[in-house]
Amino acid sequence: MKKSLGIITFLMLTACGQAAKEGENNTPSEVSITQEKALTESQRLNQWFETKYEEKLLQSPMTLTTLGRKERYDELDDFSEAAEDKSLKWQADSVAELKNSFDYAALNEDAKISYDLWVFQYEAAKAQVPYRRRGYVFTQMHGPHASTPNFLINLHQVDELPDMHAYIKRIAALGRAMTQLLERAKIHASEGVRPPLFAYEGVIQQSKNLLQGQPFEQSEVDSPLFADLKKEIQGLVDAEKIDATQAADIQTQAQQALLTHFKPAYENLIAWFEQDLVNVPKQATGAGALPDGEAFYNAALLNATTTNLKADEIHQIGLSEVARILALMQEIKTAVEFKGSLQDFFAYIKSDVKNELFYYPDTDEGRQGYLDDSTAYLDYIKNKLPEYFGLLPKADLEVKRVESFREQPGAAQHYNPGTPDGSRSGVYYAHLSDMTAMPKNEMEAIAYHEGNPGHHMQISIMQELEGVPQFRTQAFFNAYVEGWALYSELLAKEMGAYNTPYSDFGRLVTEMWRAIRLVVDTGIHSKGWTEQQAIDYFKQNSPISEGQIISEVQRYFVWPSQATGYKIGMLEILKLRAKAQQALGEKFDIKDFHDVVLGGGSVPLQVLERMVNNWIEKTKNPS
């Protein structure tokens, strides 16, 4: 994988440089002809992208639904390896067609970036194929056993009667999907790839949660899916689109689908995980202990960071960042006149859970207070956005508590995008089952990370972009997306947020969190760290609650490399901003810089550097 992506990066930069050389000595008339040809070829390429991307979208019913579309609305994706092979072949054929059909030298710069991104995405997907049996199919963090029901509950919109019939068919398809995925998990296990014990326990518990309540057992409450189905049916009744007799018939169909397809698939899933527990070591191990583990982790790092940084380099960057942030924390501790060591200050912040300065009550009122105050922080920053951005999101943002069946004490907050047309808002989700794991002084930074100017702003602007091929409005590169969100936490300080030393300390805590990730992720997967070693390092360098630390460390074990993208991406954005400020001097405009970073969609970090460099040159030498 290192070789293939390195070659692509080289070709991208070389092609760009070659195109520049070809135009150096042209006469004005020749330049005009070249520009006309570039526009024509670029327009033709963009039309091709629209056609090919539509073909790709139609291969995934779930992606269509995520985008607010209703084609293939009664289906779920095929989760088999054969389906992955078919998709990769389609990508390979599309890249061959792209290279045979278009003259790269005749494209304008933005079209060249689109061209390169299309190839990059294929090469990145191809590079992961040798290791697809080294990842974990089901985990406590991001398993399809929980995410697929969540997809139906939150994304399958029921506006008309046919949408309800489609929902019921998807319940049946969900049974098929879990059966496919369980077979893949069994294959992985046969090759020595099993997630840690805590992941098994999480999958079992989350799956059992989905079978609690009606119609699976006699109960006064409904199971999560049945409750949502009944809510959607009642919505059709209230809208006078069906009558009571139709509603009763549809509810019977829904109940039958759950009992016939959903229940047995989940019972089989639970049974296999419970039976296989005896084969799982009690002590968790990282990717390095897996077959092909070192190569797998290197490929994962390249995918997560879109850089050629090795595990040792990332580890050292993490150690350096931890030391830098500790010094800043020390300054705030001194400023608030706290008597004692930094470790004492950590203990003071996280141990006094009854102190309203640091925690909400662990009650329903406290949980609502967290949601209300997060919304207020986001409302403030929304009003400041026009001072720092030209591009602004159109989509709304909601703050919600995670659904009970998948809620975990101390688990990380997260964001779900809305639809490109704005018909569904973006959602910032918070796990609030344990308020002692949700300190007040950290919540402000996290709200900016997940909402504005972080994920919601970046993803919404990307989805709303005009003038770029649609595939670029839906691309995802971990280091860019998470790097921007972490950069946003710091940017919010420039925008007037964090009005107390403790809230600014909380911002440093969340940045430290991401710096620690560089050390711990590489420690676990490259240096053989145990779960306890990782937990101890977290405790030594942050006041994060023990529940959060355990949840975080267990996340890193089951999701190798993903956590490294945040700090690597942030550091690259800061480096590019400093470079632009130095190069442009008084011509530097923060709004223009942010619009360049956000205005091309999610891109690999090398491409982001290329975009910023192009902007610097155009600003210095406007034509």
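The values are calculated or read from the model by the stated rules, or taken from the named source; none is laboratory data. Quick caveat, the model's predicted, so the values are computed rather than measured. Using ideal geometry, Cβ is built from the backbone for each residue, glycine included, and neighbour counts are taken over all protein chains shown.
Considering only the range 470-505, state which residues are basic (Lys, Arg) and surrounded by fewer than 18 Cβ atoms within 10 Å (Cβ to Cβ). Passing the criteria: only 493.
Of all residues in the range 261-286, those satisfying the criterion of being over 18 Å from residue 205 (Cα atoms) and either buried (at least 19 other Cβ atoms within 10 Å of the Cβ) or within 29 Å of the chain's Cα centre (by Cα) (or both) are 261, 283, 284, 285, 286. Please tell me if residue 475 is small (Gly, Ala, Ser), in contact with a Gly (Cβ under 9 Å, 6 or more places away or on another chain) and not assigned by TED's automatic domain parsing to the domain that holds residue 112. Here the answer is yes, as residue 475 does meet what is asked.
Taken together, the residues in the range 218-231 that are crowded, with 20+ Cβ neighbours inside 10 Å, assigned to a helix (DSSP H, G or I) and in contact with an Asp or Glu (Cβ under 9 Å, 6 or more places away or on another chain) amount to 3.
Checked against (1) modelled with pLDDT of 95 or more; (2) more than 30 Å from residue 95 (Cβ to Cβ), residue 118 meets all criteria but (2). For the range 232-260, the candidate set comprises residues that are among the acidic types (Asp, Glu) and in a helix (DSSP H, G or I); within that set, the residue that is farthest from the chain's Cα centre (by Cα) is 249. Can we say residue 395 is under 23 Å from residue 553 (Cα atoms), of a type in the set (A, V, I, L, M, F, W, C) and either touching a His at 6+ places or on another chain (Cβ under 7 Å) or buried (at least 20 other Cβ atoms within 10 Å of the Cβ) (or both)? Taking the combined requirement at face value, the residue does not satisfy it.
The residues listed here are 213, 235, 192; of these, the one that is touching a strand residue (DSSP E or B) at 6+ places or on another chain (Cβ under 7 Å) and not acidic (Asp, Glu) is 213.
Restricting 120, 138 to those that are under 24 Å from the mean Cα position of the chain (by Cα), among the aromatic types (Phe, Trp, Tyr) and outside any helix (DSSP H, G or I) reduces the list to 138. Condition first: acidic (Asp, Glu), at pLDDT 95 or above and farther than 26 Å from residue 416 by Cα. Can you find one or more residues in the range 50-67 that meet it? No, the range 50-67 contains no residue that is acidic (Asp, Glu), at pLDDT 95 or above and farther than 26 Å from residue 416 by Cα. Scanning the range 125-150 for residues that are of a type in the set (A, V, I, L, M, F, W, C) and surrounded by fewer than 20 Cβ atoms within 10 Å (Cβ to Cβ), we see that the one that is farthest from residue 476 (Cα to Cα) is 129.
This table checks each residue for (1) in contact with an Asp or Glu (Cβ under 9 Å, 6 or more places away or on another chain); (2) surrounded by 16 or more Cβ atoms within 10 Å (Cβ to Cβ); (3) not acidic (Asp, Glu).
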| position | (1), (2), (3) |
| --- | --- |
| 47 | no, no, yes |
| 79 | no, yes, yes |
| 102 | yes, yes, yes |
| 115 | no, yes, yes |
| 122 | no, yes, yes |
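One line per residue, one yes/no per condition, for (1) without any contact (Cβ under 8 Å) to a residue 24 or more places away in the chain; (2) within 27 Å of the chain's Cα centre (by Cα); (3) part of a helix (DSSP H, G or I):
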{"position": "326", "(1), (2), (3)": "no, no, yes"}
{"position": "334", "(1), (2), (3)": "yes, no, yes"}
{"position": "349", "(1), (2), (3)": "no, no, yes"}
{"position": "357", "(1), (2), (3)": "no, no, no"}
{"position": "362", "(1), (2), (3)": "no, no, no"}
{"position": "366", "(1), (2), (3)": "no, no, yes"}
{"position": "383", "(1), (2), (3)": "yes, yes, yes"}
{"position": "391", "(1), (2), (3)": "no, yes, no"}
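Kindly establish whether residue 178 is crowded, with 20+ Cβ neighbours inside 10 Å and out of contact with any Phe, Trp or Tyr (no Cβ under 9 Å at 6 or more places or on another chain).
So residue 178 does not fit the description; no.
Picking from residues in the range 37-89 that are assigned to a loop (DSSP other than H, G, I, E, B) and without any contact (Cβ under 8 Å) to a residue 40 or more places away in the chain, the one that is farthest from residue 187 (Cα to Cα) is 69.
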